[in-house]
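Enquirer: Attaching a single structure in structure tokens format; questions to follow.
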Amino acid sequence: MGDMTRYVALLRGINLGSRRRVAMADLRTLVAGLGYTDVATHLQSGNVVLTAPGADADDVAARVRDAVRRELGLDVPTVVRTAGRLRAAVDANPLDVPDPARFLVLFCSGLLDVDALRGLDLSHLPDERLAVTGTEAYTDHREGLRKARVPDLVARHADGFLTGRNWRTVLRLLEMAEG
């Protein structure tokens, strides 16, 4: 059967309002129907942990996105990380996390322009902080996420799309993927 890898699929923008509703039981069934095993979801916001043989993250992302489009009629951008890469992203966080609910990790489907992002002057946003790697950005928002402006700035410097998860969710997904 080959090597088995644990993945975390992050579906962007589902179940945020009355539109784009997806039941997690339906999502689990859909993902399992692709041949993936040990499928589990976390929360209602499109977080799926799964096991796949000999696949790569981009292939898993494309297959999940295509299945959601085909079966549910929704085009849902999907970012996938291996458990190892998610562990590396957690370990690479250079910022302290004073409030996990107000701290986001933005996962990019492509690459971030690290130089441009590090060069941003955020002095006009004193309640927000930013740190970046090649494919993740870490943002802290003391005033909460509703007023956050840094994620939009990061998106302007992304070669691909972004989806964000708060720190508590990222740690729980890592626990599920490594567990």
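The values are calculated or read from the model by the stated rules, or taken from the named source; none is laboratory data. From a predicted model like this one, the values you see are computed outputs, not experimental measurements. All Cβ positions, glycine included, derive from the backbone under ideal geometry; neighbour counts span all protein chains shown.
Enquirer: Restricting the stretch 1-27 to residues that are buried (at least 16 other Cβ atoms within 10 Å of the Cβ) and farther than 17 Å from Asp75 by Cα, which is farthest from the chain's Cα centre (by Cα)? Talk me through it step by step, then tell me what you get.
Expert: The first filter runs over the stretch 1-27 and keeps only residues buried (at least 16 other Cβ atoms within 10 Å of the Cβ), leaving 5-15, 20, 22, 24, 27.
Filter once more, so that each one left must be farther than 17 Å from Asp75 by Cα: 5-8.
Values: Thr5: 17, Arg6: 15, Tyr7: 11, Val8: 8 Å.
Looking at residues that are buried (at least 16 other Cβ atoms within 10 Å of the Cβ) and farther than 17 Å from Asp75 by Cα, I get Thr5.
Enquirer: Against the definition (among the basic types (Lys, Arg), surrounded by 13 or more Cβ atoms within 10 Å (Cβ to Cβ), under 18 Å from Ala177 (Cβ atoms) and under 18 Å from the mean Cα position of the chain (by Cα)), how does Arg102 come out, yes or no? Step through it out loud before you land on a result.
Expert: Numbers: among the basic types (Lys, Arg): yes; surrounded by 13 or more Cβ atoms within 10 Å (Cβ to Cβ): yes; under 18 Å from Ala177 (Cβ atoms): no; under 18 Å from the mean Cα position of the chain (by Cα): yes.
No, not satisfied.
Enquirer: Right, here's the next one. Exactly one of (1) within 23 Å of Asp58 (Cβ to Cβ); (2) at pLDDT 95 or above; (3) surrounded by 16 or more Cβ atoms within 10 Å (Cβ to Cβ) is unmet by Arg87. Its number?
Expert: (3)
Enquirer: I'd like to verify a number: residues in the stretch 129-162 that are surrounded by 15 or more Cβ atoms within 10 Å (Cβ to Cβ), of a type outside the set (Gly, Ala, Ser) and under 13 Å from Val105 (Cα atoms), how many?
Expert: 14
Enquirer: For the stretch 34-73, how many residues meet the condition of being surrounded by 19 or more Cβ atoms within 10 Å (Cβ to Cβ), in a strand (DSSP E or B) and either touching a residue at least 24 places away in the same chain (Cβ under 8 Å) or aromatic (Phe, Trp, Tyr) (or both)?
Expert: Qualifying residue count, the stretch 34-73: 5.
Here's the yes/no breakdown for (1) of a type in the set (Lys, Arg); (2) in the same structural domain as Gly160 (by TED's automatic domain parsing); (3) modelled with pLDDT of 95 or more; (4) touching a helix residue (DSSP H, G or I) at 6+ places or on another chain (Cβ under 6 Å):
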site: Gly13; (1), (2), (3), (4): no, no, no, no
site: Ala25; (1), (2), (3), (4): no, no, no, no
site: Thr29; (1), (2), (3), (4): no, no, yes, no
site: Gly33; (1), (2), (3), (4): no, no, yes, no
site: Leu72; (1), (2), (3), (4): no, no, no, no
site: Ala92; (1), (2), (3), (4): no, yes, yes, no
site: Val97; (1), (2), (3), (4): no, yes, yes, yes
site: Ala101; (1), (2), (3), (4): no, yes, yes, no
site: Leu104; (1), (2), (3), (4): no, yes, yes, no
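Enquirer: Checking the structure you have, find out if any residue of the stretch 81-101 is farther than 28 Å from Val150 by Cβ and part of a loop (DSSP other than H, G, I, E, B).
Expert: To start, the set of residues in the stretch 81-101 that are farther than 28 Å from Val150 by Cβ comprises none.
Scanning the stretch 81-101, I find no residue that is farther than 28 Å from Val150 by Cβ and part of a loop (DSSP other than H, G, I, E, B), so the answer is no.
Enquirer: Can you find a residue that is touching a Lys or Arg at 6+ places or on another chain (Cβ under 7 Å) and part of a helix (DSSP H, G or I) anywhere in the stretch 24-33? Lay out the reasoning, then the answer.
Expert: Applying the first criterion (touching a Lys or Arg at 6+ places or on another chain (Cβ under 7 Å)) to the stretch 24-33 yields none.
For the stretch 24-33, residues touching a Lys or Arg at 6+ places or on another chain (Cβ under 7 Å) and part of a helix (DSSP H, G or I): absent.
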